[in-house]
Every structure is written in C-alpha cells, then in structure tokens.
Amino acid sequence: MKTKLTQLLNIDFPMIMAPMFLVSNEAMLTAAMKGGIAGTFPSLNYRNPGEIDQVLDKLNEVKSKTPKGTYGVNMIVQKTNPLYEKHLKVCVEKKVPFYITSLGSPKEVILKAHSYGAKVFCDVTNLEHAQKCFDLGCDGFIAVGQGAGGHAGPNSLQILVPALQKAFPNTPVIAAGGIASGAGILSMLTLGAEGVSVGTRFIASTEAGVSDAYKNAIVSSKMDDIVMTEKISGTPCTIINTPFAKKIGYKQNWLERALSNNARTKKYFKMWVQLTGMKRLEQSVKPGNYQTLWCAGQSVELINEISSCADIIEKMKKETVEAYNRLTAEINA
Ligand SMILES: Cc1cc2nc3c(=O)[nH]c(=O)nc-3n(C[C@H](O)[C@H](O)[C@H](O)COP(=O)(O)O)c2cc1C
C-alpha cells in the first residue's frame, strides 16, 4: 500500500504500533519493523542510565536489515518529565528516524529532529492544538479520538480525522483510538487518514512486557469495562474497571485538585502525582499483583486472542484487503 505515511516513513503498510508506557519493548519493535510497519516506544520505558542508548543501537541495527520497516520514539514533552532533556539528546545522537510528541509543546523536538531529517508527528485531540503543532512545523498529526487507550481524546475519529484533513490538507493525519481490525483501518483511510496508530491490540501480544493476567484481561474485557481515571497522571486516562480501580475511585479529590491548580504547588504536585501513578502502573503490570490499574482502550471489545506481533500485523493487513474487497463488491453489485 502507498499513502503519504508509507512514503514519509518508507514503510510497507500505513500502520504505527503505538507507544505504550511499560508495554512497548525491543521485541515488539523488532517485530513491527520486520512486519513492514513502524514500531514506537515511549522514551520513559527506559529510565535507567545508559539503557535507552543500548536499545537504540539494537533498533538501528534491525532497521538497517529491514528496509521496509522503521521505528520512532515517543517523547512526553511536559515540563514534569524529568528525563526529557537527557532522552532527547541521546535520541538525536542516535538519529532516531521519527518522533511522536505528546502532552506539551513539541517545539524543541521538531527543531532537533529536523536538523538531521527526522520526522515528528504530534498527538492532537482537537483543531486548536493541531494549529499550534502545524505552526511549529510538525510533519503530521496523530489524531487521538474517543475510546483510545491512554489519554483518549473527547472527539470521535469520524469527525476529528476529516476535520483535520480539511483544515490542514497537506499534513498527514494518522488515526488513533479503537482500531484493532482491518475494517477499522480501511474506515480511517476512507475518512482521509494516511495511516493508523494501534496500541491496545498489541498489549495482547506474546512479546508485550506485561503479566499474563493483564493480557488475559484485554481478551476478556468488553468496551463497557473501560473507564477514565484521573488517579494515574492527573489527566484522564482509560483503564479496565478492575475491583482495585473501583476501590480507589476515578476522580482527584478537592485537595488534589487545589494543589494541581495552585500556581506555587502545581508543578511539584503534578510531578508527584505522575511519579506515584507510574509506580502504581509499574506494580500493576507485574505478575501476581492484585492492585491492578491496567491501561487499555475500548478496542478490547474486538480482541479475542493473544498472538505474536507478526501474526497481529499480518492479520490486520489481510483484513484490510478483505474489507476493501467486500465493500467494492457491494458497491458494484
Ligand atoms: C497501555 C498504554 C500505554 C500508553 N502509553 C502511552 C505513552 O506513554 N505515551 C503516549 O503518547 N501514548 C501512550 N498511549 C496511547 C497510545 O500511544 C495510542 O495513542 C493509543 O493506544 C491508541 O488507541 P488504541 O489503544 O485504542 O489503539 C498508551 C496506550 C496504552 C493502551
């Protein structure tokens, strides 16, 4: 397939394996590259000194042997990310092929990436944020819609994708949220997206670095089991409604809200919330933990099995063609 995304990234099929905190790992990215798509990981998955350097060396080696696959790094560009500067420096040194930015201004990432020809796609949930990223010179938008895993947007992709495409006709739009089948991919391409970004589907993969209990919960959960919580990062995030999630509630209390809005305490309180949230998530993805906060989007409804990343990619490619053939046969009947 050929779309603006496949051409920009020089990949075989217009799909990004979305960056997922604590889930994405080297094995998944290797499989993505071998499958002809783009694999990504959040830089924060590698928090120990020197770890990210080693992973990037290995990924660059795989990339040199897989000409139709690539990889990218997700940078949380918020001031509260303590490793942002360090990670960006290493990524630039190692010439990471592309970046996905989330939660803040992508200005510096765009400047540094463009200095050596790398591309930058910015997570956006509305036209206002997209305008800011466009003005800074981003290479594309990741349109994050309703029901996505992680910090889901408030808008439906059926509206957000064509709205972005109309407002910024020369900037590729990549649809993210709720896509776990070939029919889902085809629908987004029909709406004007140049590709898709798929997260939740890959949690139920043999390579994902999380417990079997989490993977099984992805398979057994239904769309109505997904709720939004402020308890992890302060910003609403989608999780499976486990007994522990119910127990701790979903909203910040008045004191937490006051501390995150107060000019003097805001930065430090938010950092503290994110740090505790990260620790909670870290415990949750380990085997044998019952205090589970499992991040996932509504596409759990469509996921019925744990498979290898290679099989997931092949199945989604095949389903896209099948969906296209079924539709054209119906239209031409
Ligand atoms: C477990 C999990 C962790 C995530 N972590 C991040 C992250 O660290 N950075 C980020 O920009 N997006 C993160 N996301 C969002 C994904 O990159 C992507 O936008 C989303 O998964 C797409 O929706 P889908 O899950 O319905 O496919 C995460 C999503 C999930 C499910």
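Every number in this text was worked out from the coordinates using simple rules, so none of it is lab data. Not measured: the values here are computed from a predicted model. Here the Cβ positions follow ideal geometry from the backbone for every residue, glycine too, while neighbour counts run over all protein chains shown.
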(request) Sequence neighbours fewer than 8 away in the same chain don't count; with that in mind, list the aspartates and glutamates whose C-alpha is under 16 Å from residue 251. (result) 230
(message) Below 11 angstrom from the Cβ of residue 97, what's the summed charge of the other residues (Lys, Arg +1; Asp, Glu -1)?
(response) +4
(request) Would you be so kind as to identify which of 239, 298, 260 lies farthest towards the positive end of the dipole of segment 212-298, taking Lys and Arg as +1 and Asp and Glu as -1 on Cβ and the Cα centre as origin? (result) 260
(request) Give, in nm to one decimal, the length gained when the segment between residue 318 and residue 206 is fully stretched (0.36 nm per residue of separation minus the Cα-Cα distance). (result) 38.3 nm
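Place a +1 charge on the Cβ of each Lys and Arg in the chain and a -1 charge on the Cβ of each Asp and Glu, then give the dipole magnitude about the Cα centre in debye, rounded to the nearest 20. List each step's numbers first, then the result.
Numbers: 37 positive and 28 negative charges, 177 e Å.
Charge dipole, the chain, about its Cα centre: 840 debye, nearest 20.
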(request) Would you kindly derive the ³J(HN,Hα) couplings of segment 120-126 from the backbone phi angles with the Karplus curve 6.51 cos²θ - 1.76 cosθ + 1.60 (θ = phi - 60°), listing them in order in whole Hz, with x for Gly and Pro? (result) 10, 10, 10, 5, 9, 10, 7
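Please give the length that would be gained between residue 271 and residue 219 if that part of the chain were fully extended, namely 0.36 nm times their separation in residues minus their C-alpha to C-alpha distance (nm, one decimal). Let's see the in-between values first.
Working: separation 52, 0.36 × 52 = 18.72 nm, distance 3.26 nm.
That works out to 15.5 nm of additional length.
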(message) Run the simple label-point estimate for residue 250 and residue 132 please: 7 Å along Cα→C-beta, distance reported in nm.
(response) 2.6 nm
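Which loop trypsin sites (Lys or Arg not before Pro) in segment 94-147, with loop taken from DSSP, have no more than 14 other Cβ atoms within 10 angstrom of their Cβ?
In loop regions of segment 94-147 (DSSP not H, G, I, E or B), the sparsely surrounded trypsin sites (Lys or Arg not before Pro) are 95.
Given a cut-off of 29 Å, name the pairs among 246/317; 95/266; 2/315; 132/318; 58/267 whose C-alpha atoms lie farther apart than that in the structure shown.
Working: 246/317 37 Å; 95/266 34 Å; 2/315 18 Å; 132/318 37 Å; 58/267 35 Å.
246/317; 95/266; 132/318; 58/267, as the Cα separations exceed 29 Å there.
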(message) Can you give me the orientation-averaged projected area of the convex hull built on the Cα atoms of segment 137-194, in nm²?
(response) 3.9 nm²
(request) Work from the charge dipole of the chain (Cβ charges, +1 for Lys and Arg, -1 for Asp and Glu, about the Cα centre) and give the residue of 31, 269, 6 farthest towards its positive end. (result) 269
(request) Can you figure out the FRET efficiency of residue 1 with residue 170, using R₀ = 25 Å and their beta-carbon distance, to the nearest 0.05? (result) 0.80
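If R₀ is 35 angstrom, what is the calculated FRET efficiency for the pair residue 262 and residue 302, using the beta carbon separation as r and rounding to 0.05? Each step should come with its number before you reach the end.
Numbers: r = 42 Å, r/R0 = 1.20.
Result of the calculation: an efficiency of 0.25.
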(request) Could you please tell me the mean projected area of the C-alpha convex hull for the chain, averaged over all directions and given in square nanometres to one decimal? (result) 16.7 nm²
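Relative contact order for segment 212-298: what is it in percent, counting Cα pairs under 8 Å that are at least 6 residues apart? Could you put the intermediate results ahead of the total?
On the way: 106 pairs, mean separation 32.6, N = 87.
Reported relative contact order: 37 percent.
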(message) As an exercise, identify the trypsin sites (Lys or Arg not before Pro) in segment 167-247 lying in DSSP coil whose Cβ has no more than 11 other Cβ atoms within 10 Å.
(response) 222
(message) Using a 4.7 Å cut-off between beta carbons, which cysteines in the chain end up with no partner cysteine at all?
(response) 91, 237, 295, 309
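Can you tell me how much longer the chain between residue 190 and residue 103 gets when fully stretched, taken as 0.36 nm per residue apart minus their C-alpha distance, in nm with one decimal? It would help to have the intermediate numbers written out before the result.
Numbers: separation 87, 0.36 × 87 = 31.32 nm, distance 2.79 nm.
Here the segment from residue 190 to residue 103 would lengthen by 28.5 nm.
Using just the alpha carbons, could you tell me how many Å³ per residue the convex hull of segment 8-76 encloses? Numbers along the way, then the final one.
Values: hull volume 5.3 nm³, N = 69.
Cα-based convex hull of segment 8-76, divided per residue, equals 77 Å³.
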(message) Can you list residues from other chains, or at least 5 along the same chain, whose modelled amide H is less than 5 Å from the amide H of residue 15?
(response) 38, 196
(request) At most 12 other Cβ atoms within 10 Å and a DSSP loop assignment: could you name the chymotrypsin sites (Phe, Trp or Tyr not before Pro) in segment 58-122 that fit? (result) 116
(message) Taking R0 as 45 Å, what FRET efficiency do you get between residue 159 and residue 54 from their Cβ-Cβ distance, rounded to the nearest 0.05?
(response) 0.60
(message) Need one number for segment 212-298: average projected area of the convex hull over its C-alpha atoms, nm².
(response) 5.5 nm²
